[in-house]
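Below: the structure, in structure tokens.
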Amino acid sequence: MKDTVRALVRIGYDGRVHKTFRGHLARERFENEVRMLRHLEDRGCNFVPRLLEVHPAELKIITTNCGSLVEHLGAEHMRELFAELAQFGVRHDDPFMRNVTYRQSDGRFCIIDFELATLLEPAPPPGPPAPGGSPGKSTPAPPHARPPRPAH
């Protein structure tokens, strides 16, 4: 369990992680974490939590559990892990040990806590720009542009 001014995190008896956002910019951090986890799931990233439920009125998400917190990990391994995440189009922006877990079931280090993460701007496709678009410029959709997924 984690109980801070920014979030209350607890693991349910079923193993799922319940995170309630609170404090400064809670709604923005909630929306950002939901957006990042959906983006990563859409791209097949298998070393981050899976979003199971979203409760906007409560600023709460429920995710899969990615294992136990890591106490020791070399600096080079940390850099490699967060660089691997960037290959899925996300920069974590809080790349510290407190956001790394170890999933014993498959021996995989995982990354958690995406409330401060940033979507990396995709590289423009080769060739001429699309009609009405400008070359080399793409604009990510705002967080509210994607309809919320129904709770399970």
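Laboratory data are not the source of any read-out in this text; all were calculated from the coordinates shown. Bear in mind the structure is a predicted one, so any value in this text is a computation, not a measurement. Virtual Cβ from ideal backbone geometry, glycine too; neighbours counted across all protein chains shown.
Within this structure, Cys66 fails the test of being in contact with a helix residue (DSSP H, G or I) (Cβ under 8 Å, 6 or more places away or on another chain), buried (at least 16 other Cβ atoms within 10 Å of the Cβ) and within 18 Å of Ile111 (Cα to Cα). Could you please find all residues in region 74-100 being in contact (Cβ under 8 Å) with a residue 40 or more places away in the chain and of a type in the set (Gly, Ala, Ser)? Within region 74-100, just Gly89 meets the criteria.
The single condition among (1) free of Cβ contacts under 8 Å to residues at least 40 places away in the same chain; (2) hydrophobic (A, V, I, L, M, F, W, C); (3) on the phi < 0 side of the Ramachandran plot that Leu25 does not satisfy is (3). Within region 39-49, not a single residue is aromatic (Phe, Trp, Tyr), touching a strand residue (DSSP E or B) at 6+ places or on another chain (Cβ under 7 Å) and closer than 10 Å to Glu115 by Cβ. Among the residues of region 57-92, those identified as small (Gly, Ala, Ser), in contact with a strand residue (DSSP E or B) (Cβ under 7 Å, 6 or more places away or on another chain) and under 22 Å from Leu8 (Cβ atoms) are Gly67, Ser68. Of all the listed residues (Arg35, Arg103, Arg16, Arg108), the sole one being surrounded by 13 or more Cβ atoms within 10 Å (Cβ to Cβ), in contact with a Lys or Arg (Cβ under 8 Å, 6 or more places away or on another chain) and touching a residue at least 24 places away in the same chain (Cβ under 8 Å) is Arg35.
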